[in-house]
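First up is the structure itself, then whatever we jot down about it.
Nothing in this text is a laboratory measurement; each read-out follows from the coordinates by a stated rule. Computed from a predicted structure; not experimentally measured. All Cβ positions, glycine included, derive from the backbone under ideal geometry; neighbour counts span all protein chains shown.
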Amino acid sequence: MTQLLQTLINGLLLGGFYAVMVLGFSVFWGVMGVINLAHGEFLMTGAYLAWLLFTSFSIDPFASLLLIMPIMFIVGFIMQKFLLNRLLERPSLATLLATFGISVILANIHKIIYSADPRNVPVSYSGSFELLGLSLPLVKSLIFVVALAIMLGLYLFLQYTRLGKAIRAAAQNKNAAKIVGIDIEQVYAITAGICIALTAAAGAIISPTQAIFPFMGQPFTLKAFTITVLGGLGQIPGALLGGMLLGMAEVMVATYVPGIGTNLGVVISLLVLILVLIFRPQGILTGLKRMPID
């Protein structure tokens, strides 16, 4: 029983990270109808920035969010304003190819700069603490708390701010939003900046627990796609639920299937994706379509 509870806790902690990891991907797709194939590479960029700030200036990865998120917001804003906005009226293959090209460029730039050697962020608080007889890794628990805080902040921003309502209006009906005076291209650029900032933040907070290397991004893109389909496109509660379910599935398989360990996370993601597409293609909470962010 204790092992089962420990496994559930580990799955929930992993799921919390997956939930914040998928936010940028889900909102990007839900608002603009663009599947960002460079999602994992932006996460990788955030992890490298956290490593760089830690090794150069001894800035804690969680504190580094205050620097990384504004920087990556600017990157996302520029990418959307000067590249993707020009492609939105073209067939969706154009944006797919553009984001795929960005992913290849980012991965190889980081390989040139940092080489392919894995990096890590060896924080001093990498131990665990006991709670009700269960062992909770301190770093993963912090990741979980920060992930929930980021998700709550995004939810409140989208629900109660003027800009958040404009983003939701653009997601609901682009033409109607234009009629009431919303600058769609500007809203899209700001949305992309927010999404890239959130994605880089996910990379930064996981840097103490994950080996950082130039080609780490693709599995995260696949998992983001799986969670988005599982939880429903553009849904913040769906992202949390989908992340939890995928995290639980990975940890359960790693714990109870002998000889597998954690090496088949991508395979599990693919299996979950296939099963959802067969039995529940509209997602758990909502359909696979562009929609307001709830």
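Estimated purely from DSSP H runs of n ≥ 4, each contributing -39500 (n - 2.57), the mean residue ellipticity at 222 nm for the chain is -23500 deg cm²/dmol once divided by its residues. Karplus-derived 3J(HN,Hα) values for the stretch 206-216, using 6.51 cos²θ - 1.76 cosθ + 1.60 with θ = phi - 60°, are 8, 4, x, 10, 10, 5, 9, 8, x, 10, 7 Hz; glycine and proline are entered as x. Taking Cα pairs under 8 Å and at least six residues apart, what relative contact order does the stretch 36-108 come out at, in percent? Normalised by residue count, the contact order of the stretch 36-108 is 53 percent.
Farthest toward the positive end of the dipole of the chain, out of Ala202, Ala94, His39, is the Cα of Ala94, where the dipole comes from beta carbon charges about the Cα centre. For the stretch 193-260, what is the relative contact order in percent, using Cα pairs closer than 8 Å and at least 6 residues apart in sequence? For the stretch 193-260, the relative contact order is 15 percent. Compared with the alpha-carbon gap, the fully stretched path from Ile274 to Val257 is longer by 4.1 nm at 0.36 nm per residue. 3J(HN,Hα) along the stretch 101-108, derived from phi through the Karplus expression 6.51 cos²θ - 1.76 cosθ + 1.60 where θ = phi - 60°, amounts to x, 4, 4, 5, 4, 4, 4, 6 Hz, with x in place of Gly and Pro.
Could I get the Rg over Rh figure for the stretch 1-158? Both from C-alpha atoms, Rh via Kirkwood, rounded to two places. With Rg and the Kirkwood Rh in hand, the quotient comes to 1.02. Relative protection proxy for 23-35, 121-133, 45-57, from highest mean packing down: 23-35, 45-57, 121-133 (other beta-carbon atoms within 10 angstrom). Across the stretch 150-155, coupling constants 3J(HN,Hα) worked out from phi with the 6.51/-1.76/1.60 Karplus curve, θ = phi - 60°, read 5, 5, 5, x, 5, 4 Hz, and Gly and Pro carry x.
Mean separation of Cα pairs under 8 Å and 6 or more residues apart, divided by the residue count, gives the chain a relative contact order of 38 percent.
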